[in-house]
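Right, one structure below, let's go through it.
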Amino acid sequence: MAFHVVIPARFAATRLPGKPLLDIGGRPMIQRVVERACASGADEVLVATDDQRIAAAVSDPRGRGTAIAVMTDPDLPSGTDRVAAVAAARGWSDDTIVVNVQGDEPFLPPGLVDQVAALLAADPAAGIATLAAPIESLEQFLDPNVVKVVTAEDGAALYFSRAPIPWTRDGAQGGLASQQDYGEAMRHVGIYAYRAGTLRRMTRWSPTSLERREKLEQLRALQNSVRIVVGTCVEVPGPGVDTPLDLERARLRAAQSGGI
């Protein structure tokens, strides 16, 4: 199975400016992400960026000696648009499988990259594949920063939401805060495999009403009748880095593992 990985990385960030270049265990975070992606079965790993500092900081750990950064328009509105720009620049066919790996996942298990690519390859009707993991606590279930997903019996996504879904009516007799049952709830893990043709179409569509309401880009695809197949993670996802506290934890984790 052939597939490409594209890691979108921009220098500006609201909570952590210059996030891709922040040091974690002696290496820039973006290079750590590149190394995790290169440990997968991807034929090619590229970084889509708008900043020469990021481009200069990344290299292929497999020693192939090729440039892996692709410069993209700084005015592109999202990481998905950066991935689509790379697909267009490379001239990838509509059926090419492209995995979007987030640039703030320095501990991403490489097996998840392979899993999401294989999931899409196995479902010819799907335009997108993504992953989910069981909700582990009531706190996670009620947290609007933890995106939840519910699926059909065949694994196709029915809906993604920041709200606690599926909601057990009989588990919350006293209202929202009294809920105790989060059985079957799954949190979305933000790694995507796209067919390049679907990716191109998605970036041409305007944001949809549900996307604007939930601030979840994948709802644009759902509202345009794209089949999104969802798999349960075969490995526990590592923690991402989105806040100063996340960064502190990531540095501690790297130190405890000898910088790995």
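The values are calculated or read from the model by the stated rules, or taken from the named source; none is laboratory data. Bear in mind the structure is a predicted one, so any value in this text is a computation, not a measurement. Note that we place each Cβ from the backbone using ideal geometry, even for glycine, and neighbour counts take in every protein chain shown. With ligands, DNA and RNA removed, areas are computed over all heavy atoms of the protein, side chains included. Shrake-Rupley method; radii C 1.70, N 1.55, O 1.52, S 1.80 Å.
Within the range 35-59, count every residue that is open to solvent by less than 20 Å² (accessible area, probe 1.4 Å) and either hydroxyl-bearing (S, T, Y) or within 21 Å of A117 (Cα to Cα) (or both).
Count: 9.
Under 6 Å by Cβ, and 6 or more places apart or on different chains, what pairs join a residue from the range 12-25 that is touching a residue at least 12 places away in the same chain (Cβ under 8 Å) and closer than 13 Å to D246 by Cα with one that is open to solvent by less than 40 Å² (accessible area, probe 1.4 Å) and β-branched (V, I, T)?
Qualifying pairs under 6 Å: R15/T243.
Give the residues of the range 86-119 that are farther than 29 Å from A255 by Cα and of a type in the set (F, W, Y), sorted by residue number.
Result: W92, single match.
Is at least one residue of the range 101-115 buried (at least 20 other Cβ atoms within 10 Å of the Cβ), in contact with a strand residue (DSSP E or B) (Cβ under 6 Å, 6 or more places away or on another chain), on the phi < 0 side of the Ramachandran plot and of a type in the set (D, E, K, R)?
No, the range 101-115 contains no residue that is buried (at least 20 other Cβ atoms within 10 Å of the Cβ), in contact with a strand residue (DSSP E or B) (Cβ under 6 Å, 6 or more places away or on another chain), on the phi < 0 side of the Ramachandran plot and of a type in the set (D, E, K, R).
Across the range 193-230, which residue is farthest from V99 (Cα to Cα) among those that are open to solvent by less than 40 Å² (accessible area, probe 1.4 Å) and part of a loop (DSSP other than H, G, I, E, B)?
Restricting to residues being open to solvent by less than 40 Å² (accessible area, probe 1.4 Å) and part of a loop (DSSP other than H, G, I, E, B), the top hit is T208.
Only strands (runs of 3 or more DSSP E) wholly contained in the range 97-181 count here; list those with 3 or more residues that are at pLDDT below 95 and in contact with a helix residue (DSSP H, G or I) (Cβ under 9 Å, 6 or more places away or on another chain).
By residue number, no strands (runs of 3 or more DSSP E) qualify.
Just the residues that are at negative phi and open to solvent by 70 Å² or more (accessible area, probe 1.4 Å), please, taken from the range 62-80. First the steps, then the outcome.
If we filter the range 62-80 for residues that are at negative phi, which is where we start, we get 62, 64, 66-80.
R62, R64, T66, A67, M71, D73, P74, D75, P77 - these are the residues of the range 62-80 that are at negative phi and open to solvent by 70 Å² or more (accessible area, probe 1.4 Å).
Does R32 satisfy being touching a residue at least 12 places away in the same chain (Cβ under 8 Å), out of contact with any helix residue (DSSP H, G or I) (no Cβ under 6 Å at 6 or more places or on another chain), surrounded by fewer than 21 Cβ atoms within 10 Å (Cβ to Cβ) and among the charged types (D, E, K, R)?
In short, no.
Could you list, in sequence order, all residues of the range 217-244 that are at pLDDT below 95 and hydrophobic (A, V, I, L, M, F, W, C)?
V236, V241
Count, please, the residues in the range 69-87 that happen to be closer than 19 Å to L120 by Cβ and small (G, A, S). Please lay out each step first, then the result.
Here is the first cut: in the range 69-87, the ones closer than 19 Å to L120 by Cβ are 79-80, 83-84, 86-87.
Filter once more, so that each one left must be small (G, A, S): 79, 84, 87.
Count: 3.
Checking G240 against (1) in contact with a Leu (Cβ under 9 Å, 6 or more places away or on another chain); (2) farther than 27 Å from D154 by Cα; (3) open to solvent by 20 Å² or more (accessible area, probe 1.4 Å); (4) without any contact (Cβ under 8 Å) to a residue 60 or more places away in the chain, which single condition isn't satisfied?
The one condition G240 does not meet is (4).
Just need a number here: residues in the range 116-135 that are touching a strand residue (DSSP E or B) at 6+ places or on another chain (Cβ under 8 Å) and open to solvent by 30 Å² or more (accessible area, probe 1.4 Å).
Here is the first cut: in the range 116-135, the residues touching a strand residue (DSSP E or B) at 6+ places or on another chain (Cβ under 8 Å) are 116-117, 119-121, 123, 126-135.
Then drop every residue that is not open to solvent by 30 Å² or more (accessible area, probe 1.4 Å), which leaves 119, 121, 134.
Qualifying residue count, the range 116-135: 3.
For the range 155-184, what are the residues that are touching a strand residue (DSSP E or B) at 6+ places or on another chain (Cβ under 8 Å) and open to solvent by 30 Å² or more (accessible area, probe 1.4 Å)?
If the condition is that a residue be touching a strand residue (DSSP E or B) at 6+ places or on another chain (Cβ under 8 Å) and open to solvent by 30 Å² or more (accessible area, probe 1.4 Å), then L158, Y159, R162, A163, I165, P166 are the ones that fit.
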